[in-house]
Amino acid sequence: MKLNRRQFIKSTAAATAATALQGFPFIRSAAAADTVKVGILHSLTGTVAIAEASVVDAEKLAIEEINAAGGVMGRKIELITEDGASDWPTFAEKARKLLERDKVATIFGCYTSASRKAVLPVMERYKGLLYYPTYYEGLEMSPNIMYTAQEGTQSAIASLDWLYKNRGKTFYLIGSDYIWPRTMNKIANLHLKKIGAKVVGESYYPLGSIEFASEINKIKAAKPDVIWSTVVGGSNVAFYKQMQAAGISSKNQALCAMAVSEEEASGIGAENLEGFMSCMGYFQSVKNPANAKFVKAFKAKYGANRVIGDTMECGYISVYLWKMAAEKAGSFDVPKVVAASSDLAMDAPEGKIKFHGNNHHLWKHARIGTFRKDGQIDMIYESPLIEPNPFPKI
């Protein structure tokens, strides 16, 4: 077809403009617009990876399920995974990369409070949104973080009340030496005094400690009704094995661990944990349809021998809570997603939960269970939903 001069100029200009716009990232094709980018930021290497990498598995499962069901508001989730490498400056650097360069709509990530504290100013500066899946000490609320695990009071007070009523009046507090155990024990000291219990010992050991013999002798001398443990990570392997060697077992001593889930049991040795208690928001053995579906899907993807712990479930629900908030808001914009999260409820694998109206934490159940020979947990107590109180008077 022969073009006149006017038609030729018009078609040439359109072609030139289309070619020029190809170099601009904000001009998106229809195919590109069919996705929404999210980030996962956890330690895949380094000392924390042993616990943190499994949370990535749970988060990826949720993303795959959501994509298989059609995505979020018709968009498939495009995942960008970064390794925090158990190094807090690296966490901050990777968070900035995800927000500034990759333009992710949200990040699911961090594990320790140190990594979260490193990432927090980055999230606030670049106006990002982080879903944080680890039980922690509280004393924080950021407009750019949604907290999907227990803050300190939700697990501490419920466990102490039950233990006081059912296991005894004297408590020995032992923990690792950093912010979470020390804050938990501040809460414990105040609450135990309030209810009339007595603390007969309190000690802290650096992360990674493997020598507890002298402490175990102190515990035996103090003869507490209950050992309340906030020992964290690999130190638990030495702690429980050395207690067994010293003759302390669930047959002669009540102990409640605040940082040992089914996931850690295989490393510690189920024979060293049998009969001891754990307090968490979630156990793999929780009975409800949502958890049966979650456990089945996780094992189908990662293997029948894999075990699910509290932080893994919190990572899994984080993805769904973000999806629900975005769809409720009709937007991926952070302020709108945050606003839509207020009072947002979900029938999660752990049971019914909902976000608080204004403090970005979830109403959660506290559960206490005893370890079995196979490392799974028989639940012996479940609280009603507990309102989050991230700023207690301590």
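Bear in mind that the values in this text are calculations on the coordinates, not laboratory data. In this text the structure is predicted, and so the values were computed from the model without any measurement. Reconstructed Cβ throughout: ideal geometry from the backbone, glycine too, with neighbour counts over all protein chains shown.
Descriptive notes on the structure:
- Residues in the stretch 304-343 that are of a type outside the set (K, R), surrounded by fewer than 19 Cβ atoms within 10 Å (Cβ to Cβ) and in contact with a Phe, Trp or Tyr (Cβ under 8 Å, 6 or more places away or on another chain): 2 in all.
- Residue within the stretch 349-368 that is surrounded by 23 or more Cβ atoms within 10 Å (Cβ to Cβ) and free of Cβ contacts under 8 Å to residues at least 24 places away in the same chain present: no
- When T170 is tested against (1) surrounded by 22 or more Cβ atoms within 10 Å (Cβ to Cβ); (2) more than 23 Å from W363 (Cα to Cα); (3) of a type in the set (V, I, T), exactly one condition is not met: (1).
- Count of the stretch 282-300 residues which are surrounded by fewer than 14 Cβ atoms within 10 Å (Cβ to Cβ) and more than 9 Å from P349 (Cα to Cα): 2
- The residues of the stretch 130-157 that are small (G, A, S), in a loop (DSSP other than H, G, I, E, B) and surrounded by 23 or more Cβ atoms within 10 Å (Cβ to Cβ), listed by number, are G138, A149.
- Any chance E202 is of a type in the set (D, E) and within 30 Å of K393 (Cβ to Cβ): yes
- Scanning the stretch 234-283 for residues that are more than 19 Å from A156 (Cα to Cα), touching a strand residue (DSSP E or B) at 6+ places or on another chain (Cβ under 8 Å), outside any loop (DSSP other than H, G, I, E, B) and among the hydroxyl-bearing types (S, T, Y) turns up just one, S235.
- Checked against the criterion of being of a type outside the set (F, W, Y) and in a loop (DSSP other than H, G, I, E, B), the candidates G201, G208, G175 yield just one match: G208.
- Matching residues in the stretch 343-369 - criterion: being small (G, A, S), touching a His at 6+ places or on another chain (Cβ under 8 Å) and not in a strand (DSSP E or B): none
- The residues of the stretch 287-328 that are of a type in the set (F, W, Y) and under 18 Å from the mean Cα position of the chain (by Cα), listed by number, are F294, F298, Y316, Y320, W322.
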